[in-house]
Amino acid sequence: MTTFEALYVPAPLREAVSDQAWLTAMLEAEAALAKVTGAEVDEDVFQPEGYDIVALCEEGRADASPVVPLARALRERAPGAHGPATSQDILDTAAMLVARSARSLMLAELDGASAAAAALAEAHRSTVMAGRTLLQRARPTTFGLRAAGWLVGLVEARQRLVDARLPAQLGGPAGTLDPELASRFASELGLEEPVVPWHADRGPIAELAGALEAMGAACGKVGLDVVLLAESEVGEVSEADGGGSSSMPHKQNPASAVLARACARLVHANASLLTRGEHELDRAAGPWQAEWPALSAALAFAGGSAAAARRSLEGLRVHPDRMAENARGLGEDVGAAAALVDRALARYREHE
């Protein structure tokens, strides 16, 4: 994730999935391993300031892993470091630590987007607008119900993200290490304990990818609807801080909604790599190595999508008069729509 990354992803989330964050997570895993195995290693050995992640990656190209040169560097300083672990133990555990840090940031963005959607749903519970099916005017609905639909999608995506398992990994060279050691390792890091090593069973990664997909879809839906409703010919909403044009000063583009959609697509592109299926026997040759940048990107863009959706919703201007004009002749029976808004808000408040 390098091209124009600051455009899509807020700085705290970029930092949470950065190469430096992965280095810190790998060293955290190594420190926990030393502790649970009783290795006599000074804590200073595991300080990230003592290592250069770029140099480790350059050196690690020969091994297809940054952990191999990292382990060498650790053992030069403390022979007991790295213990019985294999490279995948450290990298998979680091991936879960990185995901945990990113998840806390993503949940905050989702909470903000949900609160904004809930406020719109409540304020416009009975604001009549045209329903649209196949992009054509249908029966009347309310803008509150449209916002309630966004709200439910965001709340459900949040729950999937919360439920995604983040297990530690400690199976050793062939996945046969004592499970009691793995249990202590997971406890030390505050990660879930796996039943057996998941070196070649990528269920936890696929589960996390699915949650990120759901998050991107929910935020992308917000972005798409706002883009459509903000069209000049529709004019039912607009963003308070709309983006400009380099050549047309009169334009006010729904830039946050546009970025929410763009990030959602990038989540999908990267998450699809994380759910491509089986890995070979006890250690994958290629598919595992491809996961690392894809996971960072999927985490970052999911957070970017939520942040953009939040900005769009928090500054959304609703134009009821234009909605009423566009809904003229469709009727005004929206009682059921208002009741559905109440259901959505009640469910949201249960999860607050």
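The values are calculated or read from the model by the stated rules, or taken from the named source; none is laboratory data. Remember, it's a predicted structure, so these values are computed and weren't measured experimentally. Every residue, glycine as well, gets a Cβ built from its backbone with ideal geometry; the counts of neighbours run over all protein chains shown. SASA here: full protein model, heavy atoms, side chains in, ligands and nucleic acids out. Shrake-Rupley method; radii C 1.70, N 1.55, O 1.52, S 1.80 Å.
Laid out as a table, the results:
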quantity	calculated
Any hit, segment 242-259, residues being open to solvent by less than 80 Å² (accessible area, probe 1.4 Å), of a type outside the set (Asp, Glu) and within 14 Å of the chain's Cα centre (by Cα)	no
Checklist (1) open to solvent by 10 Å² or more (accessible area, probe 1.4 Å); (2) free of Cβ contacts under 8 Å to residues at least 60 places away in the same chain applied to Arg158, failing item	(2)
Qualifying residue in segment 311-331 (condition: in contact with a Leu (Cβ under 8 Å, 6 or more places away or on another chain), open to solvent by less than 10 Å² (accessible area, probe 1.4 Å) and either in contact (Cβ under 8 Å) with a residue 40 or more places away in the chain or not hydrophobic (A, V, I, L, M, F, W, C) (or both))	yes
Residues that are part of a helix (DSSP H, G or I), farther than 25 Å from Ala285 by Cβ and open to solvent by less than 40 Å² (accessible area, probe 1.4 Å), drawn from segment 30-49	Ala31, Ala32, Ala34, Val36, Val45, Phe46, Pro48
Near pairs, Cβ below 9 angstrom, 6+ apart or cross-chain, from segment 173-200 (within 22 Å of Val68 (Cα to Cα)) to any residue that is of a type in the set (Ser, Thr, Tyr) and open to solvent by 30 Å² or more (accessible area, probe 1.4 Å)	Leu181/Thr37; Phe185/Thr37; Pro197/Thr176
Condition met for Ala123 (touching a helix residue (DSSP H, G or I) at 6+ places or on another chain (Cβ under 8 Å) and surrounded by fewer than 17 Cβ atoms within 10 Å (Cβ to Cβ))	yes
Residue within segment 130-138 that is touching a residue at least 24 places away in the same chain (Cβ under 8 Å) and crowded, with 21+ Cβ neighbours inside 10 Å present	no
Which listed residue, of Glu49, Glu58, Glu5, Glu28, is of a type in the set (Asp, Glu) and under 17 Å from Gly83 (Cα atoms)	Glu28
Counted residues, segment 51-63 - those being open to solvent by less than 40 Å² (accessible area, probe 1.4 Å) and among the small types (Gly, Ala, Ser)	1
Hits in segment 332-341 - residues which are open to solvent by less than 70 Å² (accessible area, probe 1.4 Å) and touching a residue at least 24 places away in the same chain (Cβ under 8 Å)	Val334, Ala337, Ala338, Val341
Residue within segment 212-225 that is closer than 18 Å to Leu97 by Cα, open to solvent by less than 20 Å² (accessible area, probe 1.4 Å) and either modelled with pLDDT of 90 or more or of a type outside the set (D, E, K, R) (or both) present	yes
Val54 being closer than 23 Å to Gly171 by Cβ and not in a loop (DSSP other than H, G, I, E, B)	no
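Residue by residue, here is whether (1) surrounded by fewer than 19 Cβ atoms within 10 Å (Cβ to Cβ); (2) not in a helix (DSSP H, G or I) holds:
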residue	(1), (2)
Ala6	yes, no
Ser65	no, yes
His82	no, yes
Thr93	no, no
